[in-house]
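Engineer: Quick one: this structure, given as structure tokens, is what I'll be asking you about.
The values are calculated or read from the model by the stated rules, or taken from the named source; none is laboratory data. Please read all numbers here as calculations on a predicted model, not as lab measurements. Note that we place each Cβ from the backbone using ideal geometry, even for glycine, and neighbour counts take in every protein chain shown.
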Amino acid sequence: MFTSQALIELEGQYCAHNYKPLDVVLTKAEGVWVEDIEGKRYLDCLAAYSAVNQGHCHPRLVKVVQEQAARLALTSRAFRNDQLPLFAKELCELTGYEMMLPMNTGAEAVETAIKAVRKWGYYVKGVPREKAEIIVCAGNFHGRTTTIISFSTEEQYKDGFGPFTPGFVVIEYGNAAELAKAITPNTVAFLVEPIQGENGVVVPEAGFLKAAAEICRQNRVLLVADEIQSGLGRTGRLFAFEHEGIKPDMVIIGKALSGGMYPISAVLSSRQVLGVFQPGDHGSTYSGNPLACAIGREALRIIVEEKLSERSAELGAYLMAELQKINSPYVDHFRGKGLWIGIVLKKEAGGARRFCEALQQRGILAKETHENVIRLAPPLTIKREELDWMVQRLKAVLEA
């Protein structure tokens, strides 16, 4: 049997070093708890960046995976399967959108959205060919493809990967006036995270999304909400944009759409927008595969039937109130919505990494983001007593 250290060394030898994970080697999980190969248990406070909102290895999802994988896993889109139509119908009826386009990863779904709004701009809005502009926000994180990093404001994401894709305009996050000023006759869309996750769980001021939606409507610009991390219950609503009472023209989802079981993503929009795609315009071998669709159907049912959005709203408010009681010389402030909270540390705290390593020693797995933020995003199935257990250990580390 390998030890954790031996496996860490093997990974260092044979895997490209594009990640810097905490040095814990996990081998199994259930609910909100994960276990390393030496048998130590940890409370998962990341939930695979919100992909495991339903909890690890949810028994209903395990059953679906086993049954569907034994029956039919992949056909490609050259043929039809019996799961995709039902998945599409149930997803559209749940979210209120007319059409969906299935993909595999979040980045693929963002690329799909970019292609869709550009083609809509040319064929429907009448923007001159090759002139379409998409407005994005500073601090954004929408994926890692070459096109997506082209409009990132994080220099490390771009260093050494150019030349980059043109056609993007960057504005300050949360600034509706700057959005209005940036729009030109060639603007086809405004792509935005309702809450910026990778940037440190940054919540814009109340009213920003509502103002942005109205500005886009007045200028015939598509509002595209990237809800890959923030959606499907994470913030206390099915989608984070619902907190502002709006409905974007397009929504991008992924991660928890599979409950952490299998890569599934989708783009949701109107028939007019997604109708611009014709056979041969876009696709993927695995998109809409029956295994993914069967998993997605069950993952959505779990969110609704177990009231995970409501749990996130209630328990997130409780967790925030408990965190506010911590008196730490290192903490600048807490921010977030639902069970998605960023602990923002002061510059003199020495970075968030060392705090995450200290939490690991106490049985909590959390991850730093943007150097000085500890991100908390446990599975939405977490219980109040487990939150109390978490807060006790956070308090010990942050007040030490």
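Quick grid of which residues meet (1) surrounded by fewer than 23 Cβ atoms within 10 Å (Cβ to Cβ); (2) assigned by TED's automatic domain parsing to the domain that holds Cys92; (3) in contact with a strand residue (DSSP E or B) (Cβ under 8 Å, 6 or more places away or on another chain); (4) assigned to a loop (DSSP other than H, G, I, E, B):
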residue	(1), (2), (3), (4)
Gly236	no, yes, no, yes
Pro248	no, yes, yes, yes
Ile252	no, yes, yes, no
Phe277	yes, yes, yes, yes
Tyr286	yes, yes, no, yes
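Engineer: Scan the range 146-198 for residues that are among the aromatic types (Phe, Trp, Tyr) and over 25 Å from Gln272 (Cα atoms) and jot them down.
Structural biologist: Here is the first cut: in the range 146-198, the residues among the aromatic types (Phe, Trp, Tyr) are 151, 157, 161, 164, 168, 173, 190.
Across the range 146-198, the qualifying residues are Phe151, Tyr157, Phe161, Phe164, Tyr173.
Engineer: Quick one: what pairs do we get from the range 268-295, first residue within 25 Å of Lys247 (Cα to Cα) and among the basic types (Lys, Arg), second surrounded by 15 or more Cβ atoms within 10 Å (Cβ to Cβ) and modelled with pLDDT of 95 or more, C-beta under 7 Å, 6+ apart or different chains?
Structural biologist: Taking only residues 6 or more apart or on different chains, the pairs are Arg271/Met99.
Engineer: For Lys347, indicate whether it is charged (D, E, K, R) and either under 24 Å from Gly236 (Cα atoms) or in contact with a Gly (Cβ under 6 Å, 6 or more places away or on another chain) (or both). Explain how you work it out, then say what you get.
Structural biologist: On the way: charged (D, E, K, R): yes; either under 24 Å from Gly236 (Cα atoms) or in contact with a Gly (Cβ under 6 Å, 6 or more places away or on another chain) (or both): no.
No, not satisfied.
Engineer: Next question, about the same structure. Would you call Thr147 of a type in the set (S, T, N, Q), modelled with pLDDT of 95 or more and either surrounded by fewer than 16 Cβ atoms within 10 Å (Cβ to Cβ) or outside any helix (DSSP H, G or I) (or both)? Please lay out each step first, then the result.
Structural biologist: On the way: of a type in the set (S, T, N, Q): yes; modelled with pLDDT of 95 or more: yes; either surrounded by fewer than 16 Cβ atoms within 10 Å (Cβ to Cβ) or outside any helix (DSSP H, G or I) (or both): no.
No.
Engineer: Look at the range 25-72 and say how many of its residues are more than 23 Å from the chain's Cα centre (by Cα) and assigned to a loop (DSSP other than H, G, I, E, B).
Structural biologist: Here the count works out to 6.
Engineer: Condition first: in contact with a Ser or Thr (Cβ under 7 Å, 6 or more places away or on another chain) and not hydrophobic (A, V, I, L, M, F, W, C). Can you find one or more residues in the range 340-358 that meet it? Give the steps one after another, and end with the answer.
Structural biologist: First pass over the range 340-358, keeping only residues in contact with a Ser or Thr (Cβ under 7 Å, 6 or more places away or on another chain): 340.
If we keep only those that are not hydrophobic (A, V, I, L, M, F, W, C) as well, we get none.
No, the conditions are met nowhere in the range 340-358.
Engineer: Out of all the residues in the range 331-359, which are more than 23 Å from Asp44 (Cβ to Cβ), touching a residue at least 24 places away in the same chain (Cβ under 8 Å) and either out of contact with any strand residue (DSSP E or B) (no Cβ under 7 Å at 6 or more places or on another chain) or buried (at least 22 other Cβ atoms within 10 Å of the Cβ) (or both)?
Structural biologist: Lys347
To keep it simple, each residue is scored yes or no on (1) of a type in the set (Lys, Arg); (2) buried (at least 21 other Cβ atoms within 10 Å of the Cβ).
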{"residue": "Lys125", "(1), (2)": "yes, no"}
{"residue": "Glu154", "(1), (2)": "no, no"}
{"residue": "Thr165", "(1), (2)": "no, no"}
{"residue": "Val188", "(1), (2)": "no, yes"}
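Engineer: Being of a type in the set (Gly, Ala, Ser) and not assigned by TED's automatic domain parsing to the domain that holds Glu368 narrows it down to one residue among Ala317, Ala299, Ala321; which is it?
Structural biologist: Details: Ala317 fails: not assigned by TED's automatic domain parsing to the domain that holds Glu368; Ala321 fails: not assigned by TED's automatic domain parsing to the domain that holds Glu368.
Criteria check complete, one pass: Ala299.
Engineer: I need the full set of residues from the range 105-123 which are under 16 Å from Thr165 (Cα atoms) and touching a Gly at 6+ places or on another chain (Cβ under 7 Å), in order please.
Structural biologist: Within the range 105-123, Ala107, Val110 meet the criteria.
Residues checked against (1) part of a loop (DSSP other than H, G, I, E, B); (2) in contact with a strand residue (DSSP E or B) (Cβ under 8 Å, 6 or more places away or on another chain); (3) not β-branched (Val, Ile, Thr):
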site	(1), (2), (3)
Leu191	no, yes, yes
Ile228	yes, yes, no
Gly231	yes, yes, yes
His243	no, no, yes
Tyr262	yes, no, yes
Gln272	no, no, yes
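Engineer: Residue by residue through the range 353-395, note down the ones that are in a loop (DSSP other than H, G, I, E, B) and over 23 Å from the mean Cα position of the chain (by Cα). Give the derivation first.
Structural biologist: Of the residues in the range 353-395, the ones in a loop (DSSP other than H, G, I, E, B) are 362-363, 366, 370-372, 377-383.
If the condition is that a residue be in a loop (DSSP other than H, G, I, E, B) and over 23 Å from the mean Cα position of the chain (by Cα), then Arg362, Gly363 are the ones that fit.
Engineer: If only one of Glu198, Glu172 is over 20 Å from Asp249 (Cα atoms), within 23 Å of the chain's Cα centre (by Cα) and surrounded by fewer than 18 Cβ atoms within 10 Å (Cβ to Cβ), which one is it? If you could, list the steps in order and put the result at the bottom.
Structural biologist: Working: Glu198 fails: surrounded by fewer than 18 Cβ atoms within 10 Å (Cβ to Cβ).
Exactly one residue qualifies, and that residue is Glu172.
Engineer: Restricting to the range 6-24, what's the tally of residues that are part of a helix (DSSP H, G or I) and without any contact (Cβ under 8 Å) to a residue 12 or more places away in the chain?
Structural biologist: Let us first name the residues in the range 6-24 that are part of a helix (DSSP H, G or I), namely 6-14.
Filter once more, keeping what is without any contact (Cβ under 8 Å) to a residue 12 or more places away in the chain: 6, 9-14.
So the count comes out to 7.
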